[in-house]
Amino acid sequence: MDWVTGDFDPFEVREPETQSIPFVFNSPHSGRLYPAQFLAASRLDSLSIRRSEDHYVDELFADAPAFGAPFLLAHFPRAYLDVNREPYELDPRMFEGPLPSYANIGSMRVAGGLGTVPRIVAENMEIYARRLPVDEALARVEGIYKPYHACLRRLIARTHARFGLAILIDCHSMPGSIRLSGSDVRPDFIIGDRYGTSASAELSRAALHFLQDMGFNAVRNKPYAGGFITEHYGRPVRGLHALQIEVNRALYVDEMTLDKKPEFDLIAAALSTFIRQMVDFSIGFSLDSALAAE
């Protein structure tokens with residue numbers, strides 16, 4: 001299996017029969033196909049290396065095309081390449097040879113080992129047994145990262161042109177150990193809008209309300225406000241809205257074995273209801289946006 005040479009498709013778009021709603025769904029971290037040479041270069045076993053996956057998030061949101069929205073999802077794993085980063089957030093300690101001058105080597109994400117080509121998976125487990133050639137990292141960026149974002153941009157631009165606005169739902173999961181700062185409260189869902197800069201407050205409040213109304217503990221922006229994708233594609237003043245949704249993995253998966261829990265189908269059904277409610281809400285939201293633009 002080799003993503004970069006094109007032997008396998010690193011991502012896919014699941015299209016509806018007709019796009020009938022101004023939504024685009026994206027799951028950049030649920031890929032779980034691991035190239036053999038990547039595993040051979042890793043010091044981790046086949047289970048440990050999966051710790052940074054957004055486990056089965058693509059399946060939790062699988063109904064999105066049935067509602068009329070395209071759904072972009074990664075097949076490559078986050079441990080191999082993280083498209084929710086700038087294209088060149090790279091750690092020079094990981095590579096043989098100098099990085100290009102335009103690489104961002106000083107970001108907090110790089111310092112934490114979670115750059116575009118990650119150094120660690122969750123719980124600070126080092127991925128690689130030895131340094132990688134710089135060309136390997138750059139090939140992943142050119143061969144996968146850039147085509148992925150080009151595809152996402154096309155989907156958003158197409159949606160905006162068709163409906164006059166576009167709402168990106170960036171789908172993720174978070175560890176069950178996450179607690180709100182200074183408390184023992186475990187959020188079931190976190191809606192991130194970059195503190196109001198990537199999406200309309202009305203959309204964020206609606207998303208929170210729908211989840212809370214189903215009995216979930218849903219909060220906004222803390223501790224996850226959204227990553228590069230939410231920040232980069234959300235431009236509310238132009239009718240481009242981006243919301244990140246984090247699902248607590250403990251709701252639906254055994255985090256030790258990565259097996260689905262019996263509750264998996266219930267969470268998937270709840271998220272299907274959430275999508276429908278967001279779609280219904282967007283009808284009035286679209287009308288308000290159109291009137292505001294006149």
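All of the numbers you see were taken from the coordinates with simple rules; none came from a lab. No experiment lies behind these values; they were computed from the predicted model shown. Every residue, glycine as well, gets a Cβ built from its backbone with ideal geometry; the counts of neighbours run over all protein chains shown.
Compute the longest continuous run of the chain that contains no exposed chymotrypsin sites (Phe, Trp or Tyr not before Pro); treat a site as exposed when its DSSP state is not H, G, I, E or B and it has at most 13 other Cβ atoms within 10 Å.
That would be 196-294.
What's the extension gain from H232 to E126 if we count 0.36 nm per residue and subtract their Cα-Cα distance? All intermediate terms of the calculation are to be shown ahead of the outcome.
On the way: separation 106, 0.36 × 106 = 38.16 nm, distance 2.84 nm.
Full-extension gain reported as 35.3 nm.
Compute the distribution of all C-alpha to C-alpha distances in segment 145-205, in bins of 10 Å from 0, and list the percent of pairs in each, rounded to whole numbers.
17, 35, 32, 14, 2
Using the alpha carbon gyration tensor of the chain, what are the three equivalent-ellipsoid semi-axes (square root of 5 times each eigenvalue), largest first, in whole Å? Write out the running numbers ahead of the final one.
Details: eigenvalues 192, 98, 66 Å².
One finds semi-axes of 31, 22, 18 Å for the chain.
Quick one: P(r) of segment 38-139 from all Cα-Cα pairs, 10 Å bins, percents rounded to integers, in order of increasing distance.
Histogram of Cα-Cα distances, whole percents per bin: 14, 43, 28, 13, 2.
Starting from the Cα of N104, step 7 Å along the direction of its Cβ; do the same at E202; then give the gap between the two resulting points in nm.
For N104 paired with E202, the spin-label model returns 3.1 nm.
If each residue of separation counts as 0.36 nm, what is the full-extension length gain between E142 and D213 once their alpha-carbon separation is subtracted?
Difference between extended and current length: 21.2 nm.
Please work out how much length the chain gains when fully extended from R154 to S181, using 0.36 nm per residue of separation minus the C-alpha to C-alpha distance, in nm with one decimal.
6.0 nm
Quick one: grab the alpha carbon gyration tensor of segment 137-291, order the square roots of its eigenvalues as a ≥ b ≥ c, and give me rounded if a/c is under 1.5, else prolate or oblate depending on whether a/b is larger than b/c.
Oblate, since a/c reaches 1.5 and b/c is not below a/b.
For E86, E17, E96, E255, what ranking results if the residue with the fewest other Cβ atoms within 10 Å of its Cβ goes first?
With the fewest neighbours first, E86, E17, E96, E255 line up as E17, E96, E255, E86.
Report, largest value first, the span of the C-alpha coordinates of segment 112-215 along each principal axis, in whole Å.
The Cα atoms of segment 112-215 stretch 49, 45, 21 Å along their principal axes.
Taking the Cβ of R131 as the center, what net charge do the other residues with Cβ under 14 Å away carry, scoring Lys and Arg +1 and Asp and Glu -1? Write out the running numbers ahead of the final one.
Working: positive: R43, R93, R119, R130; negative: D91, E96, E126, D135, E136.
Every neighbour counted, the sum reads -1.
Report the rotationally averaged projected area of segment 175-226 based on its alpha-carbon convex hull, in square nanometres.
For segment 175-226, averaging the hull's shadow over all directions gives 3.6 nm².
Hey, got the dipole for the chain? About the Cα centre, +1 on K and R Cβ, -1 on D and E Cβ, debye to the nearest 20?
640
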